[in-house]
C-alpha cells in the first residue's frame, strides 16, 4: 500500500543544480530564464540549458516550472511572447507568475499552465478565487499563511495549493518590500533585491547614535518544516517548496534528499514514526543556515523568529566535488568544486540512504600524476567507493 504525499519542489539555480535536485529526490524543480524572474543573481538558464534541463527532468519523472514572477513594464511585456513560445515548444509544465499583465499575455499567446507566485501575496479565500478567475491553476500562498488557513483556501476553491517548507524568509509581506530600492537603488520586485533586511542597523535620534540599539531587527530566521510534514499531508497541500535558487549545490542536494527521504518514508509506512527524523534534522543543520523556526506554518510568526545576530556558518559542510565517473575497484573521477588534500576525510552523499565516509588515500590528475591539493575547476582521481554514482555530491566539513 502506498500513501499520498505532496510534491517536493526544489530550486534549480543552474543546470547542474537542476540535475542535483532531481537526482536527490525532487518531484519538480523551478528555475528562471535570462529575463522576467526575481533572482537575477543566480545562474539563470539559457535556452539551450533550459532545453537540456527539461529533457533531463522529464526523463526522470520530474516536472519543470519556469518563473516569470518579476513585475514587468510595457517594454518587458513586448518581449515576453517570444519567450512564451520557447517555453511552449519545450513543454515546460507551468509558469510561476505574479503580475496580471503577464497572466493576460500568457493566456493570449500560449496554453501554459499558470501558477500564482508568492509575490502576489495571496492570503485568503476571496483573493484565491479572484486569481482562479484570472486563470491560475495553482496558488503559491504568501508565507504569512498557516497550514490550517491554507487548508481552508484549498477546500473553498479546489485550487492546487503550494507552500514553502524550507529556506530563507522575508520580514516583509511577500512581494511588498522596497527596502532594497531605498537603500541601494536595486528593485527587489524586479530581480535586484540586495537583502538589506539582513544588515545591522542602529537608531539615530537628532544626530546622536545609540550604539546599544544596534540590531538585526529585520532579519528573519530560516524556515524548517520537517516536523510539520504530517500537518501538510493532512491538509492535502499539493506542493512543498524549498527556497534557494541562489544557494549551493550542497544545499540543493541535501534539502532535496532530506525531505525526499522523509516523504518516501511516509509513502511506505503512512507515518513518520522513525528514528530517522533525528538524522534528517541533523542533515538539515549541515547546510549553511540561520537559526531555524517554523515561521507562520503553525501559528503567526512573532519576535521569536527574528535572527538578531551576525551571519555565521557553524556546522557548515561544503561540496568538495561531484562524481563524474565511478570505475569499480579503481577510482572516482571528481569535478572539483572546493579544494581538498590527500588524507582528508570526505563524505559521499548517495541519492538514497546515509552518507559514507571516504579517506583520500591518493589524489591524482587524469594522467596519474600525484597532487598535493585539488584545484577547483579541475577533474581528479580519488579512491573508489562502492555504491558511488555519477552526480553524487562529495562534501567536507569546514568546521568540526
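The values are calculated or read from the model by the stated rules, or taken from the named source; none is laboratory data. Remember, it's a predicted structure, so these values are computed and weren't measured experimentally. With ideal geometry, Cβ positions are generated from the backbone for all residues, glycine too; neighbour counts draw on all protein chains shown.
Quick rundown of the values:
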read-out: Residue in the range 261-274 that is closer than 25 Å to residue 32 by Cα, in the same structural domain as residue 143 (by TED's automatic domain parsing) and not in a helix (DSSP H, G or I) present; value: no
read-out: Per-region count, the range 71-84, residues touching a helix residue (DSSP H, G or I) at 6+ places or on another chain (Cβ under 7 Å) and assigned to a helix (DSSP H, G or I); value: 4
read-out: Residue check for residue 117: assigned by TED's automatic domain parsing to the domain that holds residue 237, within 20 Å of the chain's Cα centre (by Cα) and surrounded by fewer than 20 Cβ atoms within 10 Å (Cβ to Cβ); value: no
read-out: Options 155, 133: the member that is free of Cβ contacts under 8 Å to residues at least 60 places away in the same chain, out of contact with any strand residue (DSSP E or B) (no Cβ under 7 Å at 6 or more places or on another chain) and under 21 Å from residue 232 (Cα atoms); value: 155
read-out: Among (1) surrounded by fewer than 20 Cβ atoms within 10 Å (Cβ to Cβ); (2) not in a helix (DSSP H, G or I), the one test that residue 48 misses; value: (2)
read-out: Candidate set from the range 272-310 (those that are in contact (Cβ under 8 Å) with a residue 24 or more places away in the chain and within 17 Å of residue 5 (Cα to Cα)); member that is surrounded by the fewest Cβ atoms within 10 Å (Cβ to Cβ); value: 277
read-out: Only listed residue being in a loop (DSSP other than H, G, I, E, B) and either in contact with a helix residue (DSSP H, G or I) (Cβ under 9 Å, 6 or more places away or on another chain) or surrounded by 15 or more Cβ atoms within 10 Å (Cβ to Cβ) (or both), chosen from 53, 25, 101; value: 25
read-out: Output for the range 356-377, where each listed residue is within 23 Å of residue 250 (Cα to Cα) and in contact (Cβ under 8 Å) with a residue 24 or more places away in the chain; value: 356, 358, 359, 373, 374, 375, 376, 377
read-out: Within the range 136-146, considering residues that are at pLDDT 95 or above and surrounded by 22 or more Cβ atoms within 10 Å (Cβ to Cβ), the one farthest from residue 67 (Cα to Cα); value: 145
read-out: Residue list for the range 21-40, restricted to those being more than 14 Å from the chain's Cα centre (by Cα) and modelled with pLDDT under 95; value: 33, 34, 35, 36, 37, 40
read-out: Criterion: in a strand (DSSP E or B) and touching a helix residue (DSSP H, G or I) at 6+ places or on another chain (Cβ under 8 Å) - qualifying residue of 20, 95, 67; value: 95
read-out: Tally, over the range 128-142, of residues that are out of contact with any helix residue (DSSP H, G or I) (no Cβ under 8 Å at 6 or more places or on another chain) and outside any strand (DSSP E or B); value: 3
read-out: Meets criteria (within 26 Å of residue 308 (Cβ to Cβ), part of a loop (DSSP other than H, G, I, E, B) and modelled with pLDDT under 80) for residue 188; value: yes
